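Before any comments, here is the structure.
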Amino acid sequence: MKKMLFTPAVERLGSALAALLVLGIAAPGHVAHAAPAHRAGSEAVLTNPPQGSVVRITSAVSGRCLEADMNTINQLGTKVQLWGCLPNAYNQMWRVVLANGGVELVNLQSNRCLDADINSDVNGTRVQLWDCNGTYQQGWTFSGAGNRGGISNNAFFNRHPNGPCMLDADLNSLPWDGTWVQLWSPNGQPQQEWIWTNA
């Protein structure tokens, strides 16, 4: 087989194209493939929810949003559930506040904190809204890669890390609207996986 010979100009052009590919820059008429900068429409993906940001939290299983039930929004112990994500739904938006070695998640509709019922200590522990009070049952820790992973309750994790401490979507009501949200022992299953995005 004959070896192809190129002029110096063609060789320089080939070297320049190779350099552009290494830098991730496409030549005209070519598409450079990169990780998407947005997910779920125009919502920007967070690597970690920063202080003061407002986020949506969605179930990785159902794609539904973590929300405060509007039927009980004005009372302590507001039900927290999964529901289809809606535009401009403040009951599905959460302000991130650094606290207790993790974050508090303050619901924009009620200005109350995501809270785990401290009087319970079993799988199925109720997750609810309560007046923000700086206690550890209102502290949450995100873990995982990028904007996807588990969310654990600090009070329950400190009590026993293998016990009911993970935010969990109830399998008996997935993937429907109104899915119960609870604490459950860590099990690595998809119902304990969540995605957080800018609201």
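How many of the residues in region 107-119 are in contact with a helix residue (DSSP H, G or I) (Cβ under 8 Å, 6 or more places away or on another chain), within 18 Å of Q92 (Cα to Cα) and part of a loop (DSSP other than H, G, I, E, B)? Before you say what the answer is, go through the steps one by one.
First pass over region 107-119, keeping only residues in contact with a helix residue (DSSP H, G or I) (Cβ under 8 Å, 6 or more places away or on another chain): 107-110, 113-118.
Okay, now just the ones that are also within 18 Å of Q92 (Cα to Cα), so 107-110, 113-116.
Applying the additional criterion that residues be part of a loop (DSSP other than H, G, I, E, B) yields 108-110.
Qualifying residue count, region 107-119: 3.
Just give me the residues in region 109-133 being surrounded by 16 or more Cβ atoms within 10 Å (Cβ to Cβ) and small (G, A, S), in sequence order.
Those that are surrounded by 16 or more Cβ atoms within 10 Å (Cβ to Cβ) and small (G, A, S): S110, A116.
Each row is one residue, and each column tells you yes or no for (1) modelled with pLDDT of 95 or more; (2) under 15 Å from A68 (Cβ atoms); (3) of a type in the set (G, A, S).
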site: Q109; (1), (2), (3): yes, yes, no
site: R112; (1), (2), (3): yes, yes, no
site: I118; (1), (2), (3): no, no, no
site: T135; (1), (2), (3): no, no, no
site: N154; (1), (2), (3): no, no, no
site: V181; (1), (2), (3): yes, yes, no
site: P186; (1), (2), (3): yes, no, no
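Is there a residue in region 120-136 that is under 20 Å from S62 (Cβ atoms), part of a strand (DSSP E or B) and touching a residue at least 60 places away in the same chain (Cβ under 8 Å)?
No, every residue in region 120-136 fails to be under 20 Å from S62 (Cβ atoms), part of a strand (DSSP E or B) and touching a residue at least 60 places away in the same chain (Cβ under 8 Å).
Identify all residues within region 141-199 that are surrounded by 21 or more Cβ atoms within 10 Å (Cβ to Cβ), touching a Pro at 6+ places or on another chain (Cβ under 8 Å) and part of a loop (DSSP other than H, G, I, E, B); write none if there are none.
The one that is surrounded by 21 or more Cβ atoms within 10 Å (Cβ to Cβ), touching a Pro at 6+ places or on another chain (Cβ under 8 Å) and part of a loop (DSSP other than H, G, I, E, B): C165.
In this structure, does V80 turn out to be touching a Phe, Trp or Tyr at 6+ places or on another chain (Cβ under 6 Å), part of a strand (DSSP E or B) and surrounded by 13 or more Cβ atoms within 10 Å (Cβ to Cβ)? Talk me through it step by step, then tell me what you get.
On the way: touching a Phe, Trp or Tyr at 6+ places or on another chain (Cβ under 6 Å): no; part of a strand (DSSP E or B): yes; surrounded by 13 or more Cβ atoms within 10 Å (Cβ to Cβ): yes.
Against the criterion (touching a Phe, Trp or Tyr at 6+ places or on another chain (Cβ under 6 Å), part of a strand (DSSP E or B) and surrounded by 13 or more Cβ atoms within 10 Å (Cβ to Cβ)), V80 does not qualify.
Which residues, taken from region 82-119, are closer than 21 Å to N162 by Cα and either in contact (Cβ under 8 Å) with a residue 60 or more places away in the chain or in contact with a Cys (Cβ under 7 Å, 6 or more places away or on another chain) (or both)?
A116
Please find, among N162, N123, the residue that is at pLDDT 95 or above, over 21 Å from I73 (Cα atoms) and over 19 Å from the mean Cα position of the chain (by Cα).
Numbers: N162 fails: at pLDDT 95 or above.
Within the list N162, N123, the selection yields N123.
The values are calculated or read from the model by the stated rules, or taken from the named source; none is laboratory data. All figures in this text were calculated on a predicted structure; none of them were measured in a lab. Note: ideal-geometry Cβ built from the backbone for every residue, glycine included; neighbour counts use all protein chains shown.
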